[in-house]
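These notes concern the structure reproduced below.
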Amino acid sequence: MKEENVILVNEKDEQIGTMPKLEAHEKAILHRAFSVFILNDQKEIMLQQRAHQKYHSPLLWTNTCCSHQREGETNIQAGSRRLLEEMGFQTPLKELFHFIYKAPFDNGLTEHELDHVMIGYFNGNPLINTDEVEDWKWMKIEAVKEDMVQNSGLYTVWFRIIFDEFYHYLEDHTI
């Protein structure tokens, strides 16, 4: 299977090129990404546990799904595609905000992403893709915040950063 390219961007989110995903993570080059948060009517977040065979952060808990846009895809199209690929369902998504972060991993790779954060609503059970997702659960937003303080090692590095941004967004906005 051919490795996917990521879209390299500057700090204004203007495309400046493409690069194979692994190379971008090895070189810590800024690239476009997205993170999807799915909430239910109880204001719980659907979390996923990354599959055990993932090349980084296996078995760690993270937001509903995240990945990288493909050339020609809008952020919403990319989020919808990946939500279906990983979690097996579709729901309308809305982009909330974007920000830049940099997070090194223990294996020498680094996420350096301009991340577009999206939200959607769903009350059913996902049909997870076991190549991508080990498990899933609903968690109250406050419970996630508290658990990340007590058990931060159970969560992906990027989710700890993105959740903090998402939490502060919720404090300032009605969704």
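If I go through region 134-168 residue by residue, how many of them are open to solvent by 40 Å² or more (accessible area, probe 1.4 Å), touching a strand residue (DSSP E or B) at 6+ places or on another chain (Cβ under 9 Å) and of a type in the set (Ser, Thr, Tyr)? The number of residues fulfilling the criteria is 0. Summed over region 92-113, the residues that are outside any loop (DSSP other than H, G, I, E, B), aliphatic (A, V, I, L, M) and surrounded by fewer than 21 Cβ atoms within 10 Å (Cβ to Cβ) give a count of 3. Can you say whether ASP131 is acidic (Asp, Glu) and open to solvent by 40 Å² or more (accessible area, probe 1.4 Å), as far as the supplied structure shows? For ASP131, the condition - acidic (Asp, Glu) and open to solvent by 40 Å² or more (accessible area, probe 1.4 Å) - is met.
If a residue counts only when it is surrounded by 20 or more Cβ atoms within 10 Å (Cβ to Cβ), which strands (runs of 3 or more DSSP E) contained entirely in region 7-91 have at least 2 such residues?
Details: elements: 15-20, 31-39, 44-50, 65-67.
In region 7-91, 31-39, 44-50, 65-67 are the strands (runs of 3 or more DSSP E) which contain 2 or more residues that are surrounded by 20 or more Cβ atoms within 10 Å (Cβ to Cβ).
Going by the structure shown, is ARG160 at pLDDT below 95 and under 19 Å from MET46 (Cα atoms)? Spelling it out, ARG160 is indeed at pLDDT below 95 and under 19 Å from MET46 (Cα atoms).
The values are calculated or read from the model by the stated rules, or taken from the named source; none is laboratory data. Treat the numbers as computed from the prediction; the structure is a model and nothing was measured. Here the Cβ is made from the backbone with ideal geometry for all residues, glycine too, and neighbour counts use every protein chain on show. Areas reflect the complete protein model, heavy atoms only, side chains present, ligands, DNA and RNA absent. Shrake-Rupley method; radii C 1.70, N 1.55, O 1.52, S 1.80 Å.
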